[in-house]
There are 2 protein chains.
Amino acid sequence: MRVLVPFAADAPKTRLEGVLSTDERTAFARAMLRDVVAAVDAAGGEPTVLSTAPLAFETPRARVVVDDRPLSPAVNARLSTARGDDPVAVVMADLALATPGALEDLFAAAGDVAIAPGRGAGTNALVVRHPEFRVDYHGGSFLDHREITAEIGADLAVVDSFRLGTDVDEPDDLVEVLVHGTDRAPAVLRELGFELDAESGRVGVARAGNAASN
Amino acid sequence: MRVLVPFAADAPKTRLEGVLSTDERTAFARAMLRDVVAAVDAAGGEPTVLSTAPLAFETPRARVVVDDRPLSPAVNARLSTARGDDPVAVVMADLALATPGALEDLFAAAGDVAIAPGRGAGTNALVVRHPEFRVDYHGGSFLDHREITAEIGADLAVVDSFRLGTDVDEPDDLVEVLVHGTDRAPAVLRELGFELDAESGRVGVARAGNAASN
């Protein structure tokens, strides 16, 4: 299966700027991207990183295509060839908890469109098997995508996955990476001094003695 | 399968006090409990509401047992009879997104202990098939439960479910109920005037013209 992995090479993870410097956010975003690409590959997908700018690092197992348009038009330019027997998937680059098993379930889901929603009605990952489906990643995209699917007369499958439902945008999300992440992303956080902190009765992350979030 | 549904009858959903009055929180917590009990029943479980106080309302299809001890000892008093062929499950009463299908997958998961984790290393639902396993719902319980499972030489299955991974504690969580809830809980929120609000670019909830969260 063709799998697009959109990546904002020029503005990595701005909502983490309270806890990570620009260089650190860049390193962390790259680690998540590499974890996602590796999981897609292990799940039998053919990953293409759809990047807003040329990448200054290697992504083993993935092609890289540069498209500096905003997310939705860049993805939509590549959806019209989606067919039932030749689908196109889109998997966000910040799904640091993604495993091959979770992605296999997504890829195997029935439906002309299959969506793994994230919190806040996000669309974290999807599979498109219908040539008329288009994405609109503006706020509440899961609701919009459900509506678009109905409008074009396509079937929708909703894939129930905590791993695919967890995108890493905000400081609280780093807890999930440390608890459930499997490869480079949690390793980068640990190298940067983050560790789980259960002192407060809820698990948060702490860094070098400072509470980064709880 | 025997399924305990712990319910704090006397302190419903205190972290929602910024957006719901005490009476409203009581009504909402009851609605979530009823949705969870109905889903457990439809999934083939035998639900027992483990309540901190007698309930002033009916819970069709569920027995009610009152135990005013804290959560962990109240649950642990009922785990020692768990066996491979007669397990005991524990499903939190605020899993408003739980569906019969998600619970069937949990109940069918292999392992002496099967856990559906929530955000912040929580343990939102679990199945116990080993008589020595005990819960400890203090902060970061998923990590503790993983350790306890290893200590008693039991196998652990981690169940990957966005629906079971979403407990409803805080105002932001109400979005998930409105988007993915299936029965009474979203109906109560709508009766109270909550609706999805995608104006800000991210979906939040708004009530009677006031932004309750985004």
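The values are calculated or read from the model by the stated rules, or taken from the named source; none is laboratory data. Just so it is clear, the structure is predicted and the values come from calculations on it, not from any experiment. Every residue, glycine as well, gets a Cβ built from its backbone with ideal geometry; the counts of neighbours run over all protein chains shown. These area figures cover heavy atoms from the full protein model, side chains too; ligands, DNA and RNA do not enter into them. Shrake-Rupley method; radii C 1.70, N 1.55, O 1.52, S 1.80 Å.
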### Query
Looking at segment A:166-196, which of its residues are free of Cβ contacts under 8 Å to residues at least 24 places away in the same chain and in contact with a Ser or Thr (Cβ under 9 Å, 6 or more places away or on another chain)?
A:Asp173
### Task
Evaluate the following for A:Arg190: is it of a type in the set (D, E, K, R), open to solvent by 40 Å² or more (accessible area, probe 1.4 Å), modelled with pLDDT of 95 or more and not assigned by TED's automatic domain parsing to the domain that holds A:Arg30?
yes
### Query
Can B:Asp94 be described as more than 14 Å from chain A (Cβ to nearest Cβ) and under 14 Å from B:Asn124 (Cβ atoms)?
yes
### Message
Take B:Ala114 and tell me if it is crowded, with 21+ Cβ neighbours inside 10 Å, under 14 Å from the mean Cα position of the chain (by Cα) and not in a helix (DSSP H, G or I).
### Response
no
### Task
State all residues of segment A:124-138 that are within 14 Å of chain B (Cβ to nearest Cβ), out of contact with any Asp or Glu (no Cβ under 8 Å at 6 or more places or on another chain) and either surrounded by fewer than 22 Cβ atoms within 10 Å (Cβ to Cβ) or part of a helix (DSSP H, G or I) (or both); if no residue qualifies, say none.
A:Tyr137
### Summary
Taking segment A:66-108 and keeping only residues that are over 20 Å from A:Gly44 (Cβ atoms) and open to solvent by 30 Å² or more (accessible area, probe 1.4 Å), one is left with A:Val66, A:Asp68, A:Arg69, A:Pro70, A:Leu71, A:Pro73, A:Asn76, A:Ala77, A:Ser80
### Message
Within segment A:2-104, considering only strands (runs of 3 or more DSSP E) that don't extend past its boundaries, which have at least 1 residues that are within 27 Å of A:Pro171 (Cα to Cα)?
### Response
A:2-7, A:46-51, A:88-91
### Message
I need the full set of residues from segment A:169-194 which are more than 12 Å from every other protein chain (Cβ to nearest Cβ) and within 14 Å of A:Met32 (Cα to Cα), in order please.
### Response
A:Gly181, A:Asp183, A:Arg184, A:Ala185, A:Pro186, A:Ala187, A:Val188, A:Leu189, A:Arg190
### Total residues in segment A:1-60, condition of a type in the set (Lys, Arg) and free of Cβ contacts under 8 Å to residues at least 24 places away in the same chain
1
### Task
Select, from A:Leu16, A:Leu20, A:Leu50, the only residue that is under 13 Å from the mean Cα position of the chain (by Cα) and crowded, with 18+ Cβ neighbours inside 10 Å.
A:Leu50
### Query
Can you spot a residue in segment A:154-163 that is at the interface with chain B (Cβ under 8 Å from one of its Cβ atoms), crowded, with 18+ Cβ neighbours inside 10 Å and assigned to a loop (DSSP other than H, G, I, E, B)?
yes
